[in-house]
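The values are calculated or read from the model by the stated rules, or taken from the named source; none is laboratory data. Predicted model, so just to flag it, every value in this text is computed and none were measured. Neighbour counts are summed over all protein chains in view; Cβ atoms, including those assigned to glycine, are modelled from backbone coordinates with ideal geometry. Protein only, heavy atoms only, side chains kept; ligands, DNA and RNA dropped before computing areas. Shrake-Rupley method; radii C 1.70, N 1.55, O 1.52, S 1.80 Å.
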Amino acid sequence: MEAASNVISEKDLVFLLKSKDRKAFEYLYDNYSSTIFGIIFKILKAEDIAEEVLQDSFLRFWNKIDDYNAEKGRLFTWMLNIARNLSIDKLRSGDYKSMTRSEDVFKDNSPASMKISDNFKPDHIGVKDMLQILNADQKNLLELMYFEGYSQSEISKEFNIPLGTVKTRVRAAMMVLRKLF
Amino acid sequence: MNIEEYISSGKLELYVLDQLTAEEKAEVENIARTNPAIKKEIDLIERSLEFYANRFSKNPPAHIKQKVLSQIPNSVGSQDDKKSSFLDEQQLYVPGKKRFTNYLVAASWFLLIFFAGTTMYFWSMWRKAEQRLVIAQAEMAEYSSNYNNVKDQLEGKVSHLQNYIALLNDNFTESITLSGSKLASEARAKVFWNRRSSRVYIAQINLPPAPNGKQYQLWGLNKGKPVDLGVLSKVEVDVQRMKDISLVDSFAITLEKEGGSTNPTLDALYVIGEI
C-alpha cells in the first residue's frame, strides 16, 4: 500500500480508473495484485483456481469501478471484498468441490483444531510471531469469518458462541491489529 | 445514538469485513456520512485490515498480468491511444470530463516549473554579477589607491626638482665637488649648499654600492667639527636634499652602519671636498 500512495493518491487513482485510464489500471495491478492474490490463495489454497479468480477480480474492478464510492470506504477494502466474495463463491461452487476434497476443508475448522499453528501458514517471516498476539480464538475467528467465509451466525452456531460474543471478539481482534500498525 | 457505544459494538468492524446485510450496511453508511468520528473509525479499521491482508501477500505468476490487461479494451469510446495515460505524460490529464480544469492544472504546473526555473537562472546570474561587482570594486579601490600614490610621488618629485633647480639658479648657492679618498679614488659626489637658506643637496653621486648593513653618511665640517647632514638614500636618486647647515667649511661622506652614526668613522671616509 505504501508504494501506491507514494506515487499517486488514492483519490487520483480512483478518478483515473473511473475515466477508464488503462495505464492507471496497470498501475493498480502492479501495486495491488500481490495482496489480492494472497487473500484469494489463502481462501482457495490452490494456485490454478486462485489465478483464475485473480483475473476475474481485476476484470471486475475495471468493469464495476463506478460502483465504488469513496464515501463508503477505501478502494482497497472494496477490491478486497470483491476478490474475497469471488473466492468464497468459488470455494462453495461445484468446480472447487470437484477439484478438492471439501470435507478436509471444513474438518480443519472444527473446534478440536482451533489451535494456534496449523491453519495459518504465513508467507512472511515475523508474521507468525506478530499474530501470536492474537489469541487462538481471535485469530481463528478472523480467519473463519474473513477467509473461510463463515458468517457471524454460522460461527455462532457452529462453535456455540453467543452472537454478541462473536461480534465483540471480532472487534477485539481488529483492535489488536490496529495497535500493530 | 451514542457514538462511543456504536463504535464499541463491533458493528463497524463487521461492516468493513463485509459481514453485514444490505440494510445494516446502508445504516452504517448513513451514520458515517453525518458523523466524522464514525467515518474516521471506519477508516482506521480499514487500514488495519489492509495491514493484516498485506501479510498474506503472494506474487502471482508474471504471465497473469498480460492476461488481465488483454481483457480490458485498448480504447474506450472516442478516446485515442495517445491519450490513454497521465502516467506516460506525467501530468494530470484525463480525457473527457473536466478538460478545462486539466488544462488549467497542467498549465499552472508548467508555469510553476517555468518560473521556478527562470527564477533559479536569474538568481544564479545575479549572484555571479554580484561577485564580479565586488571584485571590480576591489580592483577600483586598488587602482585608485595606486593612482593616488603615484600622483603624490610625482607631485613630490616635481616639487623637489623645482626646489633643486631654484637652488642651482640661486646666486648664494655654492657647488662643492667631493673627491675620492684612498679608499675609493674614483668616487665622486657633488654638494650644493645655499649659504642663505642653509639647504644642502647632494647630487651626481658616484660611490661604490654600500654593503649590507652599511650606509653612506654626509657630514658638514665646521672648523673641523663634523655635523651630521643625514644618510644617503640607499635607493639610487639623482638628487637628494640633506639636512640644513648654516656654517660649514667642507663636506665629507663616510660609510657608517645603516641608519648612520653620531660621529664619523674616519677610516671609512670615501669622498671629501672644501668650499
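Some values worked out for this structure:
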| quantity | calculated |
| --- | --- |
| Using θ = phi - 60° and Karplus 6.51 cos²θ - 1.76 cosθ + 1.60, couplings along region B:120-132 (whole Hz; Gly, Pro as x) | 4, 4, 5, 4, 4, 5, 4, 4, 4, 4, 4, 4, 5 |
| Overall Cα dimensions of region B:21-78, principal axis frame, Å, largest first | 43, 38, 22 |
| Summed buried accessible area for A+B [probe radius 1.4 Å, Å², rounded to 100] | 5900 |
| Of all accessible heavy-atom area on region B:220-275, the percent that carbon and sulfur account for (1.4 Å) | 51 |
| Alpha-carbon Rg/Rh ratio, for region B:180-242, with Rh computed the Kirkwood way | 0.96 |
| Too-long pairs where the Cα-Cα distance tops 20 Å, listed order kept, from A:LYS11/A:LYS72; A:LYS18/A:LYS64; A:LYS42/A:LYS167; B:LYS182/B:LYS234; A:LYS11/B:LYS58; A:LYS42/A:LYS90 | A:LYS42/A:LYS167; B:LYS182/B:LYS234; A:LYS11/B:LYS58 |
| Tilt relative to chain B, helix B:22-34 - C-alpha long axis, 0 to 90 degrees, to 10 | 30 |
| Tail fraction, Cα-Cα pairs, region B:100-209, threshold 23 Å, whole percent | 67 |
| Cut-off under 5 Å, modelled amide H: who pairs with B:ALA189 long-range | B:LEU178, B:ASN206 |
| Cα-derived Rg to Rh of region B:165-214, Kirkwood definition | 1.09 |
| Hydrodynamic radius (Kirkwood) for region A:1-75, which is based on Cα pairs only, to one decimal in Å | 13.0 |
| Förster-model FRET efficiency, 41 Å R0, B:LYS214 and B:ARG132, C-beta, rounded to 0.05 | 0.25 |
| Compactness of region B:232-275 - radius of gyration and Dmax, Cα, Å | 11.5, 28 |
| Volume in Å³ per residue [convex hull over Cα atoms, computed for region B:108-151] | 33 |
| Additional length obtainable on full extension of the chain from B:ASN2 to B:ARG33, 0.36 nm per residue less Cα span | 9.6 nm |
| Cα coordinate range in chain B, projected on the principal axes (Å, largest first) | 139, 49, 43 |
| Listed residues B:LYS39, B:LYS182, B:LYS257, most fluctuating in chain B (Gaussian network, C-alpha, under 10 Å) | B:LYS39 |
| Cα→Cβ-extended label distance, 7 Å offset, between B:GLN66 and B:ASN149, nm | 8.2 |
| P(r), alpha carbons of region B:124-173 - 10 Å bins starting at zero, rounded % | 23, 23, 18, 15, 11, 7, 3, 0 |
| Backbone N under 18 Å from the B:ASN163 label point (7 Å along Cα→Cβ), restricted to region B:185-217 | B:191-204 |
| Highest-fluctuation residue, B:GLU139, B:GLU27, B:GLU236 considered, GNM on chain B with Cα pairs under 10 Å | B:GLU27 |
| Dimensions in Å of region B:162-272 - Rg and Dmax from alpha carbons | 13.1, 39 |
